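Data block below; observations after.
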Amino acid sequence: MRNKKYGFSILELIFVLIILALIMFIARPKFKTPNITLLANRLVVFLTYTRFLAMNDNMYEANDKRWYKKRWTFKLQRCKKSEGGLYFTIFSDTNKLGHANKTESFKDPLEQKWLYVSNDCILKKDESPFVLLSKNYDIKSASFTCNKTKSLGQISFGYNGEVYASNSNYKDEAFINTLKNPCFLNLENKNGAKISIKIPKFFNKIALMKH
């Protein structure tokens, strides 16, 4: 049985999880040199999985005027100044405070570690190293072209497949930041290599755009 109108059955989610785990296993680095393409492929997997989570978890609640704050979100952030660097988190803001905590994040389906780190960017044993863009992939800049936030940017996913540039802090503004055009996640490493991930306004398939 499907949980929601646009949701997926449990068997479908298990199937998707298995496929993504296989992709992640195949995409594991065979060498120590940071690889921006490897990172981009991994982010495509994470973004795709986030979309499946969003389409299965319909966050709408009629009595909650800010229910859309709980949409599954991929967010770019900076480590605090003493550490430097960039990282990302993937979370559902269930407490609606505007920032993630570990219990609101989800686990890497292969490694079984949280896709989360605090802004000190010091990993704990149960946190995934994949979130540390600068430390593990030598990324010096990362940004969304559709950024509507005060941070580096974020992408949130609705249960109907639509994509949002941010989730408003105000009541009854669920659809104010719906994408009107494709959004690009742009990455550049310390050697000047660049790559972009194209995210369509209606999230069905994303694509890598090499520079």
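The number of residues in segment 42-88 that are in a helix (DSSP H, G or I) and more than 18 Å from HIS99 (Cα to Cα) comes to 13. Annotation for segment 138-154: at least one member residue is at pLDDT 90 or above, aliphatic (A, V, I, L, M) and over 30 Å from LYS65 (Cβ atoms).
What do you reckon, is SER168 touching a helix residue (DSSP H, G or I) at 6+ places or on another chain (Cβ under 8 Å) and part of a loop (DSSP other than H, G, I, E, B)? When the stated conditions are applied, SER168 passes them. Return the residues of segment 119-151 that are surrounded by fewer than 18 Cβ atoms within 10 Å (Cβ to Cβ) and part of a loop (DSSP other than H, G, I, E, B); say none if nothing qualifies. Across segment 119-151, the qualifying residues are ASN119, ASP120, ILE122, LYS124, LYS125, ASP126, THR145, ASN147, LYS148, THR149, LYS150, SER151. If you filter segment 75-92 down to residues that are modelled with pLDDT under 90 and at negative phi, you find that the one that is surrounded by the most Cβ atoms within 10 Å (Cβ to Cβ) is GLU83.
Going residue by residue through segment 63-84, is there one that turns out to be aliphatic (A, V, I, L, M), closer than 23 Å to ALA142 by Cα and in contact with a helix residue (DSSP H, G or I) (Cβ under 6 Å, 6 or more places away or on another chain)? If you could, list the steps in order and put the result at the bottom.
Going residue by residue through segment 63-84, those that are aliphatic (A, V, I, L, M) are 76.
Adding the requirement that they be closer than 23 Å to ALA142 by Cα leaves 76.
If we keep only those that are in contact with a helix residue (DSSP H, G or I) (Cβ under 6 Å, 6 or more places away or on another chain) too, we end up with none.
Taking every residue of segment 63-84 in turn, none turns out to be aliphatic (A, V, I, L, M), closer than 23 Å to ALA142 by Cα and in contact with a helix residue (DSSP H, G or I) (Cβ under 6 Å, 6 or more places away or on another chain).
The values are calculated or read from the model by the stated rules, or taken from the named source; none is laboratory data. On a predicted model such as this, the values are computed, not experimentally measured, just so you know. All Cβ positions, glycine included, derive from the backbone under ideal geometry; neighbour counts span all protein chains shown.
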